[in-house]
Amino acid sequence: MDVRRTVPVALDVDSDDAARLEDTVDTFLWCAQYVVDHAFQGESVTTSKTQLDDETYDHVRDKTDGFNGGLVQAARNKAAQACKSVVARWKNGKKASKPTFTSPHVVYDKRTATFLDDHVSLATTDGRIEADYVLPDEDSDTPHSAYLFSDEYETTSAELHYRDGDWVLHIHCKRDVEPGTSEQAATENGTVLGVDLGVNTLAVTSTGTFWTGNEFDHWQREYEKRRGSLQQCGTRWAHENIQSVGRKEEGRFKLMLHRISNELVAEARDNGCSVIAFEDLTDIRERTGASWGHKWAFDRLYEYVEYKAEEYGIVVEQVDPEDTSRRCSHCGFTHPDNREDEEFECLKCGYENHADYNAAKNIGLRYLRCNQIGGDGGAPLGVRLNSGTLNANGGYSPAEESARAGVHAESHG
């Protein structure tokens, strides 16, 4: 079997090469969107990579002045996967719309990128560029030394991301391990951190850590008041200041969400979690009554956690949120009257707790039931709580027992 790891590496890119990369990002996203648009033209959505390649490859190359063939195929693969995800949601009775590609990134493989000891060579719209890695100290214990520069791991591909003015290459590495080894057990088994998102409480984990929405709501109201006052002026100066207020608001909220995402990833690491499970964000406004501002915050928080967790080999996934707020994480009984506002009390077994905390545990349990792997003698997958773990059947193991079973389970009271 393969053990796979992703290592984010910052790149040192000068202004000329940055312009070429920005053009490459725009072209890559255009290619992916072109293929998706084509896939949705017929009576049914086309998901076959071969068919999409036959029907779009030459057109895309012509329309992009001969954009690198390998990158065109990578964009096609990205589009095909997005189309498959939409069709899968439809088959499960879920809502899904035609994908749009806006997040600035490019997918590279060994044909379009050459990974060297201290730099990388990347194909662009205008030939190749070379960018140096920005690396930590050689003696530090980091994923770079453990995976990227390890003779045991092979570099297979990468995704280039542009975020907040920085270019970061997420390099994918893999190695083969024998079935039944301790490394297989460590990969297939571990604990899950469930995360519930909401308006009053931005995030709650299955370990019982809460991040309230008070600060977010306060500043959202403050910035809205400032915009309202400026809009009444109607002057050009006021218009320019409205834009300035918007930039300050986004900057403040991004800093806040970066802090929360760092703490969420730290919570997962401190509790030995190999997976962080969120609820599916697609219809979260309808489910929670969230504003567009909250929806933007949820999307950004998930995005930040996802790329930060990669550095530590932690998988971040979304699960179907149906009934996670109504289901009792203790006995499994599901009923709308189990929850009233922020209070949860099971009508069947009498279990009481904060409703969002109960939902976070259910999100973790939903991930387990959808992804449980039968390990041979390894520690069973479980949802991490503040004092132990829950298995897929809801069975509880206290911290001491979990530790003996090989599951990292520090008690947080």
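Here are the numbers:
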{"quantity": "Entirely in the range 92-132, the strands (runs of 3 or more DSSP E) that have 3 or more residues that are surrounded by 14 or more Cβ atoms within 10 Å (Cβ to Cβ) and more than 22 Å from the chain's Cα centre (by Cα)", "calculated": "113-115, 119-124"}
{"quantity": "Number of positions in the range 26-58 that are more than 24 Å from the chain's Cα centre (by Cα), β-branched (Val, Ile, Thr) and more than 15 Å from Ala82 (Cβ to Cβ)", "calculated": "1"}
{"quantity": "Residue check for Gly180: out of contact with any Leu (no Cβ under 8 Å at 6 or more places or on another chain) and modelled with pLDDT under 85", "calculated": "yes"}
{"quantity": "Flag for Ser85 being in the same structural domain as Thr27 (by TED's automatic domain parsing), assigned to a loop (DSSP other than H, G, I, E, B), closer than 30 Å to Thr282 by Cβ and not acidic (Asp, Glu)", "calculated": "no"}
{"quantity": "The range 268-292, residues that are surrounded by fewer than 20 Cβ atoms within 10 Å (Cβ to Cβ), at pLDDT 80 or above and assigned to a helix (DSSP H, G or I)", "calculated": "Arg269"}
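Quick grid of which residues meet (1) at pLDDT below 90; (2) part of a loop (DSSP other than H, G, I, E, B); (3) within 20 Å of the chain's Cα centre (by Cα):
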| site | (1), (2), (3) |
| --- | --- |
| Gly313 | yes, yes, yes |
| Val316 | yes, no, yes |
| Asn358 | no, no, no |
| Val383 | yes, no, yes |
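The values are calculated or read from the model by the stated rules, or taken from the named source; none is laboratory data. In this text the structure is predicted, and so the values were computed from the model without any measurement. Neighbour counts run over all protein chains shown; Cβ positions are idealised from the backbone, glycine included.
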